[in-house]
Amino acid sequence: MNKKEDLIKYWIDENIVSDKRIIDAFQKINRENFVPEEYKNLAYNDYPLSIGEEQTISQPTTVAIMTSLLEPKEDQKILEIGTGSGYQVAILGKIVGKGGKITSVEIIPKLAEFAKKNLKKENITNVEIINADGSSGYKKGAPYDRILVTAGTPKITETLISQLNDNGIIVAPVGFDIYSLTMTKIIKKGKKRVKEEHGIFSFVPLIGKEGFDSRWK
Ligand code: SAH
């Protein structure tokens, strides 16, 4: 068994991933296409890797957990905030398929370009990368069925939730300490917000208008 299959087997055994479409997406997408050349041989080690600009591609198991919590389905419209390497959106792109669409916002221009190049290697065509501050979401493409924030955020704002469809799901690592963020899932049910918490993670910070910057001003 190669390392990718080992990881997927671990996720299935541990009940981290069970949806067939999600498993299939992880089998098809190659993480080595989303890491810098010099780290290709480390692509299936279960830890984050540097992608330059002081940013990282998330640990594979973290991507698996977030993908499962998001419950992505075929034909959905999904927004990701924090494109980084593009690996997470490649997975989501495979899951939603030709009838779906992923929009991902990245604040660092060089990384937006890096992600576009990586997605081309996997022939992913249903993902649009926007170089902008995504801390207030991306209203132009709203409403979305799902929103995934892949940087640590001080809170899940109503601005973001307003860009979700009814019964939509948002997943984000939330808190003030980026080394101890609570993986939070909110399901929008009309005016009600159903909140679940799913463990502690560390992430690079969400910057920009409604990210950590606003706290430090
Ligand atoms: N999902 C990525 C990993 C994300 S790392 C992957 O699969 O590789 C977090 C990313 O969020 C970084 O690239 C960082 O530049 C970006 N980021 C931070 N603040 C942001 C903001 N306000 N808007 C958009 N992107 C942001």
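The values are calculated or read from the model by the stated rules, or taken from the named source; none is laboratory data. For clarity, every value in this text was computed on a predicted model and none was experimentally measured. Every residue, glycine among them, receives a Cβ derived from its backbone with ideal geometry; neighbour counts consider all protein chains shown. Heavy atoms of the whole protein, side chains included, go into the accessibility calculation; ligands, DNA and RNA do not. Shrake-Rupley method; radii C 1.70, N 1.55, O 1.52, S 1.80 Å.
Here are some notes:
- Qualifying positions in region 119-152 - within 9 Å of the ligand (Cβ to nearest atom) and either touching a residue at least 60 places away in the same chain (Cβ under 8 Å) or within 14 Å of the chain's Cα centre (by Cα) (or both): 133, 134, 135, 136, 148, 149, 150, 151, 152
- The residue of region 51-74 that is most open to solvent (accessible area, probe 1.4 Å), among those that are free of Cβ contacts under 8 Å to residues at least 60 places away in the same chain and more than 11 Å from the ligand (Cβ to nearest atom), is 74.
- Residue match in region 5-26 (condition: of a type in the set (S, T, N, Q), outside any loop (DSSP other than H, G, I, E, B) and at pLDDT 95 or above): no
- When residue 38 is tested against (1) farther than 20 Å from residue 115 by Cβ; (2) in a helix (DSSP H, G or I), exactly one condition is not met: (1).
- So residue 178, is it of a type outside the set (Gly, Ala, Ser) and modelled with pLDDT of 95 or more: no
- Test result for residue 77, open to solvent by 20 Å² or more (accessible area, probe 1.4 Å), touching a Phe, Trp or Tyr at 6+ places or on another chain (Cβ under 8 Å) and away from the ligand (no atom under 12 Å from the Cβ): yes
- The helices (runs of 4 or more DSSP H) located wholly in region 102-217 that include 1 or more residues which are surrounded by 17 or more Cβ atoms within 10 Å (Cβ to Cβ) occupy 109-121, 158-161.
- Cβ-Cβ distances below 7 Å connect the following pairs, each with a first residue in region 80-93 that is near the ligand (Cβ under 6 Å from one of its atoms) and of a type outside the set (Asp, Glu), a second residue that is open to solvent by less than 10 Å² (accessible area, probe 1.4 Å) and at pLDDT below 95, and a separation of six or more residues or different chains: 84/57; 85/57; 87/57.
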